[in-house]
Amino acid sequence: MENLSSIVLGGGCFWCLEAVYQEVAGVKSVVSGYAGGSEETANYKAVCSGTTDHVEVVQVTFDPAIISLEDIFEIFWATHNPTTPNRQGNDVGPQYRSAIFYESEKQKEIAEQSRAISAPKVWNDPIVTDIMPLPTFFEAEAYHQEYYSKVGERNPYCTFVITPKVQKLRQQFADKLA
């Protein structure tokens with residue numbers, strides 16, 4: 001039986017991170033959703049209003065015998081910009097902030113070490129990624145799940161925002177692809 005782990009990551013639009021992690025060896029599932037907000041429920045309309053303090057996130061479930069949490073973070077730092085508060089490119093608002101939601105003290109320790117050591121190797125500007133305990137993960141609406149796989153190049157957002165991130169993954173992390 002597999003011994004799986006999961007981590008919840010926010011790095012802009014959840015479609016971007018979902019598309020990236022779906023290609024990584026050892027990742028068993030990637031679910032788009034919301035975390036970190038003050039409300040007891042979350043949905044796309046409310047989160048996009050910027051008033052709930054939720055972050056668009058993905059819950060990455062992975063097999064640590066195949067890919068380590070450290071490697072998950074290496075990919076995270078390389079495929080989004082953790083130096084811009086409340087924004088990723090043209091996506092602006094608190095729901096697009098860079099965040100790691102940990103489920104254990106060990107995950108917190110690895111996340112903090114990765115933010116301090118690994119992220120600055122990729123980015124020159126200060127890292128603004130929040131690292132906090134996961135209060136509740138709310139799964140996003142069905143139409144958000146596997147969005148890039150279903151829509152891909154038919155959506156200009158995917159073409160101009162997601163595809164370059166997936167290409168970067170394929171180039172920099174070819175040894176970690178499924």
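Just so it is clear, none of the values below were taken in a lab; they were calculated from the coordinates. All of these numbers come straight from a predicted model, not from anything done at the bench. Here the Cβ is made from the backbone with ideal geometry for all residues, glycine too, and neighbour counts use every protein chain on show.
A simple charge model with +1 on the Cβ of Lys and Arg, -1 on the Cβ of Asp and Glu and nothing else charged puts the dipole of the chain at about 520 debye relative to its Cα centre.
Geometric descriptor of segment 94-135, per residue, is 65 Å³ (volume of the convex hull of the Cα atoms).
Close amide-amide hydrogen proximity is noted between residue 98 and 86, 87, 130, each under 5 Å apart and 5 or more residues distant or on a separate chain (H modeled in the peptide plane; Pro and chain starts excluded). List residues of segment 22-59, by number, whose backbone nitrogen lies under 13 Å from a label position 7 Å along Cα→C-beta of residue 139. Answer for segment 22-59: 29-34, 59. Taking θ as phi - 60° and the Karplus parameters 6.51, -1.76 and 1.60, the scalar couplings of segment 140-154 work out to 6, 4, 4, 5, 8, 6, 6, 4, 5, 4, 7, 9, x, 5, 6 Hz in sequence order, x denoting glycine and proline.
In terms of its alpha-carbon gyration tensor, segment 46-111 comes out prolate; a/c meets the 1.5 threshold, and the first ratio a/b outweighs b/c.
The simple Förster model, with R0 at 25 Å and r as the Cβ-Cβ distance, assigns residue 43 and residue 167 a FRET efficiency of 0.20. Over the C-alpha trace of the chain, radius of gyration and Dmax come out as 14.9, 43 angstrom.
Multiplying the residue separation of residue 112 and residue 132 by 0.36 nm and removing their Cα-Cα distance gives an extension gain of 6.2 nm.
When the chain is treated as a GNM with alpha-carbon contacts under 10 Å, the residue of 151, 47, 30 showing the greatest mean-square fluctuation is 151.
Listed by Cβ neighbour count within 10 Å, with the fewest neighbours leading, 115, 154 appear as 154, 115. So if we plug the beta-carbon distance of residue 146 and residue 66 into 1/(1 + (r/R0)^6) with R0 = 22 Å, what FRET efficiency do we get, rounded to 0.05? Efficiency at R0 = 22 Å is approximately 0.60.
In segment 43-141, a dipole from Cβ-located charges (positive for Lys and Arg, negative for Asp and Glu) runs towards its positive end, and of 118, 72, 138 it is 118 whose Cα lies farthest in that direction. Here the relative contact order of the chain, from alpha carbon pairs under 8 Å that lie six or more residues apart, stands at 31 percent. Inter-part distance, segment 8-30 to segment 122-178, computed on C-alpha centroids, equals 5 Å.
For segment 70-75, the Karplus equation 6.51 cos²θ - 1.76 cosθ + 1.60, evaluated at θ = phi - 60°, returns couplings of 4, 5, 4, 5, 4, 5 Hz by residue, with Gly and Pro reported as x.
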